[in-house]
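The values are calculated or read from the model by the stated rules, or taken from the named source; none is laboratory data. Since the structure is predicted, the reported quantities are computational estimates derived from the model, not experimental observations. Neighbour counts run over all protein chains shown; Cβ positions are idealised from the backbone, glycine included.
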């Protein structure tokens, strides 16, 4: 299969790129620093909780659950940025450099080139994300004993977010020069959480309830979020992953121990379930964008 | 001869490529026979690289058709029979030579021991033995050209399309490449050569097409394509009025020696060099006979060839003049 030759070649190319190696090394350093820091924080936090009469085990679990969300948000952020930087020039950089000339003239269809490259990046980014995600959760489990019941569902949501980004960069790379594509993708990637941040912030400052539950967002805000999620659904997937990381039962249990759900109502990392319609939209998104890139590349002059 | 063998290696009919308002290729048609070496000559911006890109499927034609061995360019089985070396050797420089050949061999569908064997063969053919484990990033331009040719030969192509073969090669490299191409042609391979290097075209090609402003001006064998009067350079002991009179009877034009008398155009200080323009080179024998009859010593008589480059430029200039006259 010539498509798999392209996939293997993409693997080879990425592994030899300094960018990817640098990211892997920095990620490993980050993990070590994170493990040491978490241990230190827990060591100072547990005696304090015990002295205040809280159950140590429950405090550890609550701490693990609380820390898992921003930690995995970091994983999501790193994977998203890596996906953009690694794939912004997937098609355009090769076209600009002229390296496609002797590949496109070979006995293979143009869509096979894009599909092969896309598959290569799916595997590389998917593995990077999964390894980083499991490492962070592993450290949290090692230090606090907390392991989310729906850890694999959360990983699935995050992998889909990477697929969404990859689909967008693939299409962008078939349409625009590398620099333009990279800039567009970064703006889109940042604008999605920014919209959510603003809307959550507005909810917090307008809420009148003393229960800790936020007031529902206004219609305008809801529409803004819906449109943003349709254009770039990565943030919706992240909030879904956060919802998987923080189960409702655990929240209810913590509520009896003087913790409250509002602990998690922090902009950027607040858990939020996704609608089925949006989920179907995302599936289509992940399939249609690379297909459009293949279609575009099949018709462009090199 | 079977029916398959009668089908041209390349048949191009009314091929047109338009970029916005620019007509890069304007309804050109030609056929390249099997086993033939066909040269494509033209100045920068003539449209020849666009034609090559359309032949290799890199660019889609606006109109017209291209058939390679009787099949459309997209036909994958036919593409397996074509090797292509682009003008600029812009390859993945992080690859080692062997990895580069393995990757492109796989794209041709080669696998296992056959692929390994072919890689070794083509490296040897292009003179890059022992460079298997060297990164392309460390290759000179000439070496990149060679490895590029190697990947184009991996599949034992029936048709080799070359875009500027010898740019970046040293004189020894140029000689080796020309010799290799002659061998490949002798083995029955059809070669399409797009080149600015007129010497390559002259040395290798059976036929040449001259293209300018998207149109083919002439197609034919290099020897006949630029047919015209020949110039003989004659060195004699003296130039007498009698010699001049008799030469003028058969020559188209005569350029007297630089040291000649201004009025009579004669010369008495040996050696005297005359340039005589004649209809064909065979008249050299008649001229030698006239010199002998006049009792003048002939030191040398040589055909002064117009280089292909001069003739090529003349063809382009003629085309421009004709176009200006038309406007």
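Of the residues that sit in segment B:221-251 and are modelled with pLDDT of 85 or more and part of a strand (DSSP E or B), which one is farthest from residue B:284 (Cα to Cα)?
B:239
Of the residues that make up segment A:20-31, is at least one within 14 Å of chain B (Cβ to nearest Cβ), in contact (Cβ under 8 Å) with a residue 40 or more places away in the chain, assigned to a helix (DSSP H, G or I) and under 30 Å from residue A:151 (Cβ atoms)?
yes
Give all pairs with beta carbons closer than 8 Å in which a residue from segment B:271-292 that is more than 16 Å from residue B:253 (Cβ to Cβ) meets a residue that is assigned to a loop (DSSP other than H, G, I, E, B); count only pairs at least 6 apart in sequence or on separate chains.
Taking only residues 6 or more apart or on different chains, the pairs are B:271/B:237; B:272/B:237; B:272/B:238; B:272/B:257; B:272/B:259; B:272/B:260.
If you check A:101, A:105, which single one turns out to be without any contact (Cβ under 8 Å) to a residue 60 or more places away in the chain, over 23 Å from residue A:161 (Cβ atoms) and within 14 Å of chain B (Cβ to nearest Cβ)?
Only one candidate passes the filter, namely A:105.
What are the residues in segment B:154-172 that are in contact (Cβ under 8 Å) with a residue 40 or more places away in the chain and surrounded by fewer than 20 Cβ atoms within 10 Å (Cβ to Cβ), if any?
Once the filter is applied, which keeps residues that are in contact (Cβ under 8 Å) with a residue 40 or more places away in the chain and surrounded by fewer than 20 Cβ atoms within 10 Å (Cβ to Cβ), segment B:154-172 yields B:158, B:167, B:168.
Quick check on this structure: which one of A:105, A:101 is in contact with a strand residue (DSSP E or B) (Cβ under 6 Å, 6 or more places away or on another chain) and more than 30 Å from residue A:28 (Cβ to Cβ)?
From the options A:105, A:101, the qualifying one is A:105.
So which residues in segment B:76-86 are within 7 Å of chain A (Cβ to nearest Cβ) and surrounded by fewer than 16 Cβ atoms within 10 Å (Cβ to Cβ), if there are any at all?
If the condition is that a residue be within 7 Å of chain A (Cβ to nearest Cβ) and surrounded by fewer than 16 Cβ atoms within 10 Å (Cβ to Cβ), then B:76 is the only one that fits.
Going through B:16, B:56, B:65, B:50 one at a time, which residue ends up being over 30 Å from residue A:4 (Cβ atoms) and within 13 Å of another protein chain (Cβ to nearest Cβ)? Steps first, please.
Numbers: B:16 fails: within 13 Å of another protein chain (Cβ to nearest Cβ); B:56 fails: over 30 Å from residue A:4 (Cβ atoms); B:65 fails: within 13 Å of another protein chain (Cβ to nearest Cβ).
That would be B:50, the only listed residue that is over 30 Å from residue A:4 (Cβ atoms) and within 13 Å of another protein chain (Cβ to nearest Cβ).
Results for (1) buried (at least 20 other Cβ atoms within 10 Å of the Cβ); (2) modelled with pLDDT of 95 or more, shown as yes or no for each residue.
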site: A:96; (1), (2): no, no
site: A:99; (1), (2): no, no
site: A:105; (1), (2): yes, no
site: A:109; (1), (2): no, no
site: A:119; (1), (2): no, yes
site: A:126; (1), (2): no, yes
site: A:131; (1), (2): no, yes
site: A:134; (1), (2): no, yes
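For a quick check of your reading of the model, give me the residue pairs whose first member lies in segment A:142-165 and is at positive phi and at pLDDT below 95, whose second is surrounded by fewer than 21 Cβ atoms within 10 Å (Cβ to Cβ) and not in a loop (DSSP other than H, G, I, E, B), with beta-carbon atoms closer than 6 Å and at least 6 apart or on different chains.
Short answer, once both residue conditions are applied: A:145/A:60.
State whether the residues of segment B:87-110 include one that is in a loop (DSSP other than H, G, I, E, B), more than 10 Å from chain A (Cβ to nearest Cβ) and closer than 16 Å to residue A:107 by Cβ.
Restricting attention to segment B:87-110, the residues satisfying the condition of being in a loop (DSSP other than H, G, I, E, B) are B:87-95, B:108-110.
Checking the rest, the ones that are also more than 10 Å from chain A (Cβ to nearest Cβ) come to B:110.
From the residues that got through so far, the ones that are closer than 16 Å to residue A:107 by Cβ too are B:110.
Yes, segment B:87-110 contains at least one residue that is in a loop (DSSP other than H, G, I, E, B), more than 10 Å from chain A (Cβ to nearest Cβ) and closer than 16 Å to residue A:107 by Cβ.
So, residue B:130, is that one without any contact (Cβ under 8 Å) to a residue 24 or more places away in the chain, away from chain A (no Cβ under 11 Å) and either in contact with a strand residue (DSSP E or B) (Cβ under 9 Å, 6 or more places away or on another chain) or not in a helix (DSSP H, G or I) (or both) or not?
In short, yes.
Can you pull out every residue in segment B:29-60 that is more than 18 Å from the chain's Cα centre (by Cα), touching a residue at least 12 places away in the same chain (Cβ under 8 Å), buried (at least 20 other Cβ atoms within 10 Å of the Cβ) and not in a helix (DSSP H, G or I)?
B:56, B:57, B:59
Residues that are at pLDDT below 85, under 30 Å from residue B:27 (Cβ atoms) and within 13 Å of chain A (Cβ to nearest Cβ): does segment B:162-180 have at least one?
Checked against the condition, which is being at pLDDT below 85, under 30 Å from residue B:27 (Cβ atoms) and within 13 Å of chain A (Cβ to nearest Cβ), segment B:162-180 yields at least one hit.
Quick one: which residue in B:188, B:148, B:142 is in a helix (DSSP H, G or I), touching a residue at least 12 places away in the same chain (Cβ under 8 Å) and out of contact with any strand residue (DSSP E or B) (no Cβ under 9 Å at 6 or more places or on another chain)? Step through it out loud before you land on a result.
Values: B:188 fails: in a helix (DSSP H, G or I); B:148 fails: out of contact with any strand residue (DSSP E or B) (no Cβ under 9 Å at 6 or more places or on another chain).
Answer to the check: B:142.
Can you tell me which residue within segment B:67-78, out of those that are part of a helix (DSSP H, G or I) and touching a strand residue (DSSP E or B) at 6+ places or on another chain (Cβ under 8 Å), is nearest to residue B:5 (Cα to Cα)?
Out of the qualifying residues, it is B:78.
Just one of the numbered conditions (1) over 21 Å from residue A:171 (Cβ atoms); (2) within 14 Å of chain B (Cβ to nearest Cβ); (3) touching a helix residue (DSSP H, G or I) at 6+ places or on another chain (Cβ under 8 Å) is not true of residue A:16; which one?
(3) is the only condition that residue A:16 fails.
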